[in-house]
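K.L.:
Before I ask anything, here is the structure I am working with.
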(Lines give C-alpha, C1' and ligand atoms only; values in the text may rest on other atoms or scores of the structure.)
Protein backbone atom coordinates (compact mmCIF):
# COMPACT_ATOMS: atom_id res chain seq x y z
CA UNK A 1 0.00 0.00 0.00
CA UNK A 2 1.19 3.49 -0.74
CA UNK A 3 1.44 6.14 1.96
CA UNK A 4 -1.50 7.88 0.28
CA UNK A 5 -3.56 4.68 0.50
CA UNK A 6 -2.80 4.40 4.19
CA UNK A 7 -3.76 8.02 4.83
CA UNK A 8 -7.06 7.64 2.95
CA UNK A 9 -7.83 4.41 4.75
CA UNK A 10 -6.92 5.77 8.18
CA UNK A 11 -9.03 8.89 7.63
CA UNK A 12 -12.06 6.90 6.60
CA UNK A 13 -11.58 4.40 9.41
CA UNK A 14 -11.28 7.17 12.01
CA UNK A 15 -14.77 8.28 10.94
CA UNK A 16 -16.29 4.84 10.35
CA UNK A 17 -15.32 3.48 13.74
CA UNK A 18 -17.42 6.20 15.38
CA UNK A 19 -20.39 4.95 13.32
CA UNK A 20 -20.25 1.34 14.50
CA UNK A 21 -24.01 0.80 14.91
CA UNK A 22 -25.01 2.29 11.53
CA UNK A 23 -22.08 0.50 9.84
CA UNK A 24 -23.08 -2.82 11.40
CA UNK A 25 -26.69 -2.26 10.29
CA UNK A 26 -25.59 -1.42 6.74
CA UNK A 27 -23.38 -4.51 6.59
CA UNK A 28 -26.21 -6.68 7.89
CA UNK A 29 -28.54 -5.35 5.18
CA UNK A 30 -25.94 -6.20 2.53
CA UNK A 31 -25.47 -9.70 3.90
CA UNK A 32 -29.24 -10.21 4.02
CA UNK A 33 -29.03 -10.12 0.21
CA UNK A 34 -26.53 -13.03 0.06
CA UNK A 35 -28.32 -16.17 -1.14
CA UNK A 36 -28.57 -19.23 1.09
CA UNK A 37 -26.85 -21.22 2.47
CA UNK A 38 -25.04 -18.15 3.73
CA UNK A 39 -24.52 -17.76 7.45
CA UNK A 40 -26.75 -15.38 9.39
CA UNK A 41 -26.34 -11.82 8.13
CA UNK A 42 -25.84 -10.32 11.58
CA UNK A 43 -23.15 -12.85 12.47
CA UNK A 44 -21.34 -12.23 9.19
CA UNK A 45 -21.55 -8.43 9.65
CA UNK A 46 -20.25 -8.60 13.22
CA UNK A 47 -17.36 -10.85 12.18
CA UNK A 48 -16.35 -8.54 9.34
CA UNK A 49 -16.47 -5.43 11.49
CA UNK A 50 -14.43 -7.12 14.23
CA UNK A 51 -11.93 -8.34 11.63
CA UNK A 52 -11.50 -4.81 10.27
CA UNK A 53 -11.10 -3.46 13.79
CA UNK A 54 -8.37 -6.01 14.47
CA UNK A 55 -6.48 -5.65 11.18
CA UNK A 56 -6.79 -2.09 9.91
CA UNK A 57 -4.12 -0.69 12.22
CA UNK A 58 -1.62 -3.30 11.04
CA UNK A 59 -1.78 -2.56 7.32
CA UNK A 60 1.44 -0.56 7.49
CA UNK A 61 3.24 -3.55 9.08
CA UNK A 62 2.68 -6.61 6.85
CA UNK A 63 4.70 -8.98 9.03
CA UNK A 64 2.52 -8.20 12.06
CA UNK A 65 -0.56 -8.19 9.81
CA UNK A 66 0.13 -11.77 8.72
CA UNK A 67 0.15 -13.17 12.23
CA UNK A 68 -2.96 -11.30 13.27
CA UNK A 69 -4.77 -12.13 10.02
CA UNK A 70 -4.19 -15.84 10.60
CA UNK A 71 -5.71 -15.52 14.07
CA UNK A 72 -8.68 -13.53 12.76
CA UNK A 73 -9.18 -15.98 9.89
CA UNK A 74 -9.45 -18.83 12.37
CA UNK A 75 -12.47 -17.14 13.93
CA UNK A 76 -14.46 -17.21 10.64
CA UNK A 77 -17.71 -18.84 11.77
CA UNK A 78 -18.57 -20.88 8.65
CA UNK A 79 -16.18 -23.76 7.86
CA UNK A 80 -17.89 -24.33 4.48
CA UNK A 81 -16.93 -20.92 3.10
CA UNK A 82 -14.20 -18.31 3.36
CA UNK A 83 -14.41 -14.52 3.37
CA UNK A 84 -13.97 -13.01 -0.09
CA UNK A 85 -13.96 -9.67 -1.80
CA UNK A 86 -16.95 -10.78 -3.85
CA UNK A 87 -19.13 -10.94 -0.73
CA UNK A 88 -17.46 -9.31 2.28
CA UNK A 89 -15.44 -6.78 0.29
CA UNK A 90 -18.40 -5.59 -1.74
CA UNK A 91 -20.55 -5.39 1.38
CA UNK A 92 -17.85 -3.33 3.11
CA UNK A 93 -17.56 -0.91 0.18
CA UNK A 94 -21.34 -0.46 -0.06
CA UNK A 95 -21.74 0.01 3.70
CA UNK A 96 -18.85 2.48 3.78
CA UNK A 97 -20.41 4.50 0.95
CA UNK A 98 -23.74 4.49 2.75
CA UNK A 99 -22.42 5.51 6.16
CA UNK A 100 -19.62 7.92 5.33
CA UNK A 101 -20.47 11.18 3.58
CA UNK A 102 -16.79 11.75 2.77
CA UNK A 103 -16.41 8.34 1.02
CA UNK A 104 -14.77 8.87 -2.36
CA UNK A 105 -13.26 6.93 -5.23
CA UNK A 106 -9.88 7.43 -3.51
CA UNK A 107 -11.27 5.98 -0.27
CA UNK A 108 -12.65 2.99 -2.12
CA UNK A 109 -9.37 2.42 -3.95
CA UNK A 110 -7.52 2.47 -0.62
CA UNK A 111 -9.87 -0.12 0.90
CA UNK A 112 -9.47 -2.28 -2.23
CA UNK A 113 -5.71 -1.99 -1.85
CA UNK A 114 -6.08 -3.16 1.74
CA UNK A 115 -7.94 -6.27 0.52
CA UNK A 116 -5.16 -6.90 -2.01
CA UNK A 117 -2.48 -6.56 0.65
CA UNK A 118 -4.32 -8.92 2.95
CA UNK A 119 -4.71 -11.37 0.09
CA UNK A 120 -0.96 -11.21 -0.64
CA UNK A 121 -0.05 -11.60 3.02
CA UNK A 122 -2.27 -14.66 3.33
CA UNK A 123 -1.47 -16.22 -0.05
CA UNK A 124 1.48 -18.21 1.23
CA UNK A 125 -0.71 -19.64 3.95
CA UNK A 126 -3.62 -20.36 1.57
CA UNK A 127 -5.97 -19.28 4.37
CA UNK A 128 -8.62 -17.88 2.08
CA UNK A 129 -9.18 -15.84 -1.08
CA UNK A 130 -9.68 -12.46 0.57
CA UNK A 131 -9.62 -10.73 -2.81
CA UNK A 132 -11.14 -12.78 -5.59
CA UNK A 133 -12.63 -10.12 -7.80
CA UNK A 134 -10.93 -8.39 -10.74
CA UNK A 135 -12.79 -5.17 -9.88
CA UNK A 136 -10.82 -4.96 -6.65
CA UNK A 137 -7.53 -5.04 -8.55
CA UNK A 138 -8.84 -2.50 -11.06
CA UNK A 139 -9.96 -0.08 -8.33
CA UNK A 140 -6.77 -0.46 -6.38
CA UNK A 141 -4.86 0.41 -9.55
CA UNK A 142 -6.93 3.60 -9.83
CA UNK A 143 -9.54 2.25 -12.23
CA UNK A 144 -13.20 3.21 -12.38
CA UNK A 145 -15.81 2.77 -9.75
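K.L.:
Taking only the range 43-75 into account, find how many residues are touching a residue at least 24 places away in the same chain (Cβ under 8 Å) and not in a helix (DSSP H, G or I).
P.N.:
Counting residues in the range 43-75 that are touching a residue at least 24 places away in the same chain (Cβ under 8 Å) and not in a helix (DSSP H, G or I) gives 3.
K.L.:
Within the range 12-25, which residues are out of contact with any helix residue (DSSP H, G or I) (no Cβ under 8 Å at 6 or more places or on another chain) and touching a residue at least 60 places away in the same chain (Cβ under 8 Å)?
P.N.:
Within the range 12-25, 15 is the sole residue that qualifies.
K.L.:
So, in the range 26-37, exactly how many residues are without any contact (Cβ under 8 Å) to a residue 12 or more places away in the chain and either more than 16 Å from residue 92 (Cα to Cα) or not in a helix (DSSP H, G or I) (or both)?
P.N.:
3
K.L.:
Follow-up. Could you tell me whether the range 26-49 includes any residue that is closer than 23 Å to residue 120 by Cβ and touching a helix residue (DSSP H, G or I) at 6+ places or on another chain (Cβ under 8 Å)?
P.N.:
Yes, the range 26-49 contains a residue that is closer than 23 Å to residue 120 by Cβ and touching a helix residue (DSSP H, G or I) at 6+ places or on another chain (Cβ under 8 Å).
K.L.:
Any residue that is at pLDDT 90 or above, surrounded by 18 or more Cβ atoms within 10 Å (Cβ to Cβ) and over 24 Å from residue 32 (Cβ atoms) - is there at least one of those in the range 59-77?
P.N.:
yes
K.L.:
Continuing with this model, one more query. Just to verify a result, which residue in the range 112-133, among those that are buried (at least 24 other Cβ atoms within 10 Å of the Cβ) and not in a loop (DSSP other than H, G, I, E, B), is modelled with the lowest pLDDT?
P.N.:
Within the range 112-133, the match that is modelled with the lowest pLDDT is 118.
K.L.:
Evaluate the following for residue 89: is it under 20 Å from residue 2 (Cβ atoms), part of a helix (DSSP H, G or I) and modelled with pLDDT of 95 or more?
P.N.:
Details: under 20 Å from residue 2 (Cβ atoms): yes; part of a helix (DSSP H, G or I): yes; modelled with pLDDT of 95 or more: no.
Here the answer is no, as residue 89 does not meet what is asked.
K.L.:
Look at residue 90 and say whether it is in contact (Cβ under 8 Å) with a residue 60 or more places away in the chain, out of contact with any helix residue (DSSP H, G or I) (no Cβ under 7 Å at 6 or more places or on another chain) and surrounded by 15 or more Cβ atoms within 10 Å (Cβ to Cβ).
P.N.:
So residue 90 passes the test.
The values are calculated or read from the model by the stated rules, or taken from the named source; none is laboratory data. Everything quoted here is computed from the prediction, not taken from an experiment. Counting neighbours? That spans all protein chains shown, and the Cβs are built from the backbone with ideal geometry, glycine included.
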